Each structure stands twice: as C-alpha cells, then as structure tokens.
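Below is one structure, written out as structure tokens; comments come after it.
The values are calculated or read from the model by the stated rules, or taken from the named source; none is laboratory data. From a predicted model like this one, the values you see are computed outputs, not experimental measurements. In this analysis, Cβ positions are derived from the backbone assuming ideal geometry, glycine residues included, and neighbour counts consider all displayed protein chains. Remember, those area values only see protein heavy atoms, side chains included, never the ligands or the DNA or RNA. Shrake-Rupley method; radii C 1.70, N 1.55, O 1.52, S 1.80 Å.
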Amino acid sequence: MAKKTINIENGNCTGGKKTYTISAFSENHIGLLNRITIIFTRRQVNIDSLTVSGSALPGIHKFTIVVHDCLEKVQKVVEQIEKLVEVLKAFYHTEEEVIHQEIALYKVPTKALLVSNKVEETIRKHSARILEVRPEYTVIELTGHKEETQELFDELSKYGLLQFTRSGRIAVTRSSKEVFTNYMKEIGKETVEYEKN
Amino acid sequence: MNPVFHNSATMKTKQDKNAKIYPSEKVRVTGAEAIMLSLINEGVDTIFGYPGGAIMPAYDALMNYSDKLKHILTRHEQGAIHAAEGYARVTGRVGVCMATSGPGATNLITGITNAMMDSTPLVCITGQVAAGLLGTDAFQETDVIGITMPVTKWNFLITKPEEIPSIMAQAFYIAKTGRPGPVVIDVAKNAQFGMLDYEYHKCKKMRSYAPEPRISLDNLKAASSLINKAKRPYILAGQGILLGNAEQEFLDFVEKSGVPVGWTILGSCALPKDHPQNIGMLGMHGNYSANILTNECDVLIAVGMRFDDRVTGDLNRYAKQAKIIHLEIDKAEINKIVKVDVPLLGDVKYTLPLLTKLIEKRSHAKWINRFKELDKIEYEKVIKRDFFPDKPGLTMGEVIHRINEKTQGDAIIVTDVGQHQMFASRYAKLNSTRSFVTSGGLGTMGFGLPAAHGAKIGKPEKQVILFVGDGGFQMTIQELSTINQTRAAVKIVLLNNKYLGMVRQWQQLFFDKRYSETYLLNPDFIKVAEGFGIKGKKVIERPMLDAAIQEMLDYEGPYLLEVSIEKEDNVFPMVPTGASVSEIILEQQK
Ligand SMILES: Cc1ncc(C[n+]2csc(CCOP(=O)(O)OP(=O)(O)O)c2C)c(N)n1
Ligand SMILES: [Mg+2]
C-alpha cells in the first residue's frame, strides 16, 4: 500500500540502546570473519570494535565484538552467529558482566616533553607508560577503558599528537562459571567425525 | 488415515542406506573422479547441471559413471537448480546441481537463495579457476564463496584434490541435517585434475554444529499443561513437519489433542486437506477463519514454522491474547519474530510424540465449529464465485477445481509465483505429503517450470501438474527444451491472464487501477511449445475445459494446457499489508 507507512521496525527496543560485548568462539576457517560481519551488516547493527585472535584452546578463534544497540537486536544477532556452522558458541554481555580493556598508543613530539613538565604530569596522572623515546618523538601506551584512553587522547592532543591508535576491546567475564571451557570439555577435541566403513 | 502418509519416514534414509561405500578399497583417482565417487557414496543418482570450462574435468569424469549418475542437461543454470529443488522437495533427498565458474555459478544464485529461504537441502558443485589464478580476475573467475555466503547454509572452496572426500561428506551432512539448506562447494580446476588416494567416510558429527538441539523436559511439561488447560488452542503447521518426516507424529498429536490446524504455504501437506481438523491456509491469501481466529485462540502451537510476515500480518496485533508454544529445530527462530512463552527446541519427529504422550485426549468441537461458521461466509463470498463464476470469463479457481475433480488430490502440484500460486495453494486437493511444491519465502517467478521438471524426475510414478502464470512461464521457458529432451511427462497448466496478475491486483486495489507495466503482449504459447516439441492446447471457453483437462492428464508425455483467464480475476480473501490477520477482507472495498 503506497499511502500508508508501514511499521516494519518490530524489534521494540524496550530497554533502550546499551553497550554489549559479544564473544564468539569458532573453528579456524577462512572466511568466518566475513560470515560474522555479514550478520551485523544485514541487520544494520554498527560494530564499535572487533578483535579476532586465537583463544586459550588450540585451533579455536575468539571474536570479541562491541556494539551499542537494543538488547533484542543483540540477542538475535548472537543467535544468528551461533547458527553458523563453524561457530561453537556465541555470548553477549552487558558492561557490568565483563572486565575489559583496550590499548592505545600515542606518538607525541619529544620536544613537547622537553619544553615543560605538563606532558610528564599527564602521563603520570593516567599511569601511562613510555615505550620509546627518540629525538623526534616519544611513544606512550595506555591500557584502559575507552573513556580513559580518550581522556588521555584529548589531553595529549594539545601538545601536537603525531599519531594515535586504539585497539578493539578484549574482555573476560566476571562470572565464576567458565561456560565455554566447560562446553568444550563436553564436546571433545575432534573437529569433524566420520563414520567407519 | 491415508496410507501414503507413512512412506515418508523412509525417504530420507533411503538415500543414506542403499549406498555401500564404493570402491571398498583405497584408489588413486583424479579429483574430478573423487567428486563423482563421493556423489555415488552419498546415494545420489541424479544431477542437474550445465557444463563449462572450469567444471569440464568433472563432466569428463561423469562419463565414466553414467550408469550410476543420471545427468540432466538443463538450458540455463537457474533451470538446473530449481529442478534440483523440485526434486529434493518431493523426494526428501538432497538435490544436486553442477555448474561452471563465473556466469554458471552466478546463474545459480536465485535458486540458492530460494533453497535457503525454504530450507531445501541442496549440494551445488561449481567449477572454479585453478587455485594459482584466484584473485587475479582470471577468465570466468568470480568470488563464488563471497557471493553465496549470505545465501548458503555452508560453502567451501576446494583448492587441493585431497580435500574432496571429507568436504563432500561434510557438504551432504550439513545440507540434510538440522534445518536443511543449500551448500555450495566451489572446486578449483587444479583440484579436479590433481590426483588423490580416494577413500570415503560419511560425516557423522561436527563439534561446532549442533543440528539437533537438546529437548527440554521442563518445557515439554509446560507446553502440555498449557495445551491441557486451553479452551481455544490452535495449531500452526509449517514445513518443519515435512522436513522432519514427522507427518504421522503430527497426525497423532493433532488427533489426540483435537486442536484445529492452520498451515503455512509450505506446510500445506502436513495434514491431509480433507482432515476434519484441517482449517486451512494462514496468512495474506489464506482462509478467512484461519486468519480471523488466530486473534481469538488462547494457546497457539506453532510447529516447524517461522512466523513469516506474510503469515502474521501486523505483528503488533498478532495473537496478542494467546500463549505461544513454538516447536522448532532452529534455535535462532525462537523469539525472532514473535515472543514465545514456551519454546520446544528439537526435531519435531521426537518432540511431537513426547508432547502427544503428555496431553489429554480432547475434542474442541465447539471451537472448531467457530471456524466452520466462518468458512460458510468465505464459501458464499469467495469460493463459490471462484469455482462457479456467473460471468463468461474463466477463473483460475474453477480450473483448479475442475482438475481436483479429476485427480482427487492424487497428484503433485507445482506452482510458479503470482495469483495462480495463491489460488493453487488455497484450492489444490492434496492427499499425500510432499505433494505441493512452491517458492515460499523468496517468491521466485520462474521457479515453477524447472521445479515441476525436477519433481517429475524425482517421482516419475506420480502425475505432476504445474500451475504457472504467463509472466513467470516466460522467465524459464527455455526449460521446455530440457523437458522435451527427457520427455518427463510434466503437465503444464498455463493460466494466462495477459498480465502480471498479482502486481496488477495490487495496482487495482491500492494504486487506483494504475496498471503500470503489468500488461504483457504474449507470444502464441502453443506454437512456442510446439517449437520445443511439446504438445499443447488452448482453452478459451468453459465448455471446452473438462475435455481438455482430461486430454492433458491422459497424454503420456509432457503437455501444455493454456487457459485464457479473466483479466480482473482477483485473489481473495486478503490481509492487506499493514493490516492485522483479523482484518482480512473478502472482497474489494469501496
Ligand atoms: C523474479 C521475480 N520478479 C518479480 C516478482 C514480482 N511479482 C510477483 S507476482 C508477479 C506477477 C506474476 O505474473 P504471472 O506470472 O503472469 O502470474 P499471475 O499473477 O498473473 O498469476 C510479479 C511480477 C517476483 N515475485 N519474482
Ligand atoms: Mg499472468
């Protein structure tokens, strides 16, 4: 019907948008990252950060994905991720349920440290580390929540930040139940099992 | 009870069981031969396909196994994949198709998507350029894995010959277990040419893939207590019942519970149409009572269906009063569309009997009567007019009705997409399972003719009747040539209204009769068919109809029956977009 606007947005966002950390564990297969991101793209969920790395278990990859969206949408996305053939398990967590960190690197002109002690004070205040000092530049590292690395970014910007980079989030759960580790014990080590003839 | 309902459980296993692993000892073969051997080991005997450069080694190997593998050369890859779908739907086996790289593979995309939407098990084998050329824009190189990723259950690019046996085993396992779906295996040309020591083992488990979720006994109890307390329960039957070969288990559940049953378009064979508890089709062009009373039931029992928007209408006004139980194999379907009170995860083959055990034997005669009362209104306002029109122009409804009279539901009905599809789903008599083949989720015009061909190849003993529109017929009309080559006796009923009828109907109802680009200047279809080697007849008047139908049914080969249909023959009832199911209309509103 042309004249009537149709409400297709049925996922009523009851709790409003919040930040969630999605973690997915998978077999190590080519193309899986693509398969997972397609799920977000299709549902118009924006990915704030994404980290992929080997997990504690050999041959198993971990995806950590941060999104800011409605619970209902996040739940559906997680279900779709877990449905992928090569994904072992997928979870989502609220901010309260995880301990998380991001790492940030800041490259500032060494001159800025020499002309006053402002930069040094700032580094101390944030408990940041100096990784390398060269005549032209100094590289500083800070690990923390995004707000913390952002704060340092804002302050260092005043002194002519040359480069800045921030990693995606990594996280562990606060819960003392190791759901995934236990699950893996249950399902065994064989990736694929074949029939004997 | 109808005996034909019992044969289905064996179907899925037939393909598994009759294949002994072949050869019994390790052999040194080419990758191309390994593909053929793997197909044979998975019980495949029919392949639909089309050759080309990158798949030539496989086609060459095929010649060595022509006694075990029948190949049907279609006239377009879309024809091959829809035929494989039709074949899979009626047999319950995995449909197999084969195509070359690049354009061959991209021509499969519509069918792959269709199979994904309708949970049809397929294994599609595509040729790919040699591994060393990947990513170089080589001749006919396409990123088939990338393109098909969102529309396959699984896909894999084979670059080494030794990967073939294990990947083929996984492909079949994934395609047919759990919620079935299409799998694409892209095989680089070097992997087809290369040698390997071939040994085949079927796949039995993948640790990252749980096709059958665990059944919760607590939820079973909760579901049964809801059902036992219900005053106006209502069952929604979906294709999951067919896919799980659980027609008998469903029938037992239905008869013990005494609950009325509405069905989705793909669930139309879940229960014989003449069963007293069969209420009719759900959704946009479904039955009047089946829709209206959705909003009056107190417990909704959804079995292997996914609450498509064509079924639910406006979700904010869909069964809000009811407690909802959802029996489903795919966990991602739970709460995807409708918030469920009791999810019952698992294969309905197992969950249904468990539930049947826990429920009381009941009859809901009064409640079923409510449906029957509304049925009378639908009969008076819609069905009577469709079956026995008082105008000279022929209607789609009456053609289907006349064919029903002759087949008595003992035929496989295939449709294309459009008005004729809705008439066929509403009116076709069906007594046996897997006897209705249509493109549900994707609504793919052009699906019908090749799918009917595949259905006939899969079930040669059955009468296969296709209902197709003049628009959709022309989308894959080249498959007439394939049909002429196989001489598969597909009976094509072309319901020609000279329009893209379904779109025209919407234009009439919702766009002030502005018939933008829906009129078709059509060819002489009988001559076209004749050119393809297929006999045909055109019916323009009512008195000719019965004899022409009989002639078509009696003819031993493929046959085209074209029927001229009244242009403004509309499908009703209708739940207009955005309306609630209980606002279903019976006729055009002023
Ligand atoms: C491939 C494709 N293109 C477009 C559509 C949109 N569409 C749905 S029904 C329809 C008209 C079908 O016309 P016809 O085949 O003559 O069948 P009728 O409705 O007249 O019975 C169209 C264009 C579609 N479903 N599929
Ligand atoms: Mg038409």
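Taking Cα atoms only, the orientation of helix A:146-157 departs from the longest principal axis of chain A by about 30 degrees. The slack between B:Ala131 and B:Asp143, meaning 0.36 nm per residue of separation minus the straight C-alpha distance, is 3.1 nm.
Under a no-solvent Debye model with one identical scatterer per Cα of chain A, what's log10 I(q)/I(0) at q = 0.18 Å⁻¹? The calculated log intensity ratios at q = 0.18 Å⁻¹ are -1.16. Excluding ligands, DNA and RNA and using a 1.4 Å probe, chains A and B jointly bury around 3300 Å² of accessible surface, summed across both partners.
The alpha carbon convex hull volume per residue for the range B:61-137 rounds to 109 Å³.
Once Rh is set to the Kirkwood radius over Cα pairs, what Stokes-Einstein translational diffusion coefficient, in µm²/s, holds for the range A:86-172 at a temperature of 37 °C and a viscosity of 0.692 mPa s? Value of D from the Cα-based Kirkwood radius: 232 µm²/s.
Only one residue of B:Val539, B:Gly409, B:Thr395 has its Cα farthest out toward the positive end of the dipole of the range B:394-568, where Lys and Arg carry +1 and Asp and Glu -1 on Cβ, and that residue is B:Gly409.
Pairs over the 19 Å Cα-Cα cut-off, from the set B:Lys70/B:Lys204; B:Lys273/B:Lys567; A:Lys62/B:Lys176; A:Lys89/A:Lys185; B:Lys70/B:Lys527: B:Lys70/B:Lys204; B:Lys273/B:Lys567; A:Lys62/B:Lys176; B:Lys70/B:Lys527.
The smallest convex shape that holds all Cα atoms of the range B:548-590, its convex hull, gives 146 Å³ per residue. Computed over every Cα-Cα pair of the range A:153-197 and binned at 10 Å starting from 0, the pair-distance distribution P(r) comes out as 17, 21, 19, 15, 17, 7, 3, 0 percent.
If each of A:Gln163 and A:Asn197 carries a label point 7 Å out from its Cα toward its Cβ, how far apart are those two points in nm? So the two model labels end up 5.6 nm from each other. Lysines within cross-link reach of A:Lys111: Cα-Cα under 24 Å, excluding same-chain residues under 8 positions apart? Output for A:Lys111: A:Lys125, A:Lys158.
In the range B:394-568, one over the average inverse separation of all distinct C-alpha pairs is 16.0 Å, which is the Kirkwood hydrodynamic radius. Computed from the C-beta positions of B:Leu520 and B:Ser225, the FRET efficiency with R₀ = 41 Å rounds to 0.15.
Annotation note: GluC sites (Glu not before Pro) in the range A:62-138 located in DSSP loop regions with a Cβ neighbour count of at most 15 within 10 Å are A:Glu136. For the range B:49-101, a/c is not less than 1.5, where a ≥ b ≥ c are the root eigenvalues of the C-alpha gyration tensor, and a/b does not top b/c. That puts it in the oblate class.
Zone of B:Gln321 (label point 7 Å along Cα→Cβ, backbone N under 13 Å): which residues in the range B:274-301? Counting only backbone N, you get B:292-300.
Over the C-alpha atoms of the range B:14-198, the Rg to Rh ratio, Rh being the Kirkwood estimate, stands at 0.93. Both radii come from the Cα set of chain B: Rg as radius of gyration, Rh as Kirkwood radius; their ratio Rg/Rh reads 0.98. Each other residue within a Cβ distance under 13 Å of B:Asp308 adds +1 if Lys or Arg and -1 if Asp or Glu, for a net charge of 0. Note on B:Lys366 and B:Asp341: with the Förster distance fixed at 25 Å, the Cβ-Cβ geometry gives a FRET efficiency of about 0.55. Sparsely packed loop sites in the range B:370-473 (the GluC sites (Glu not before Pro) outside DSSP H, G, I, E and B with at most 15 other Cβ atoms within 10 Å) comprise B:Glu461. Taken over the Cα atoms of the range B:467-590, the convex hull encloses 139 Å³ per residue.
For B:Cys124, neighbours were defined as the other residues whose beta-carbon sits under 13 Å from its Cβ, and their charges (Lys and Arg +1, Asp and Glu -1) total -2. Translational diffusion of the range B:217-371 was estimated from the Stokes-Einstein equation, with Rh taken as the Kirkwood radius over Cα pairs; at 20 °C and 1.002 mPa s the coefficient is 144 µm²/s. The local environment of B:His285, defined by Cβ-Cβ distances under 11 Å, has a net charge of +2 under the rule Lys, Arg +1 and Asp, Glu -1.
Ellipsoid semi-axes for the protein assembly as shown, based on the Cα gyration tensor and the rule √(5λ), read 49, 34, 27 Å when sorted largest first.
Please give the FRET efficiency for B:Leu358 paired with B:Lys204, using the beta carbon to beta carbon distance and R0 = 35 Å, rounded to the nearest 0.05. Computed FRET efficiency for B:Leu358 and B:Lys204: 0.65. Count the DSSP beta bridges whose two residues both fall in the range B:14-198, then state the antiparallel fraction as a percent rounded to the nearest 5. So the antiparallel bridges in the range B:14-198 amount to around 15 percent. Taken over the alpha carbons of the range B:399-481 as equal point scatterers, the Debye sum produces base-10 log I(q)/I(0) values at 0.14, 0.15, 0.23 Å⁻¹ of -0.41, -0.48, -1.11.
Computed from label points 7 Å out along Cα-Cβ, the spacing between A:Ile187 and A:Thr37 is 2.4 nm. DSSP bridge analysis restricted to chain B gives an antiparallel fraction near 10%, rounded to the nearest 5.
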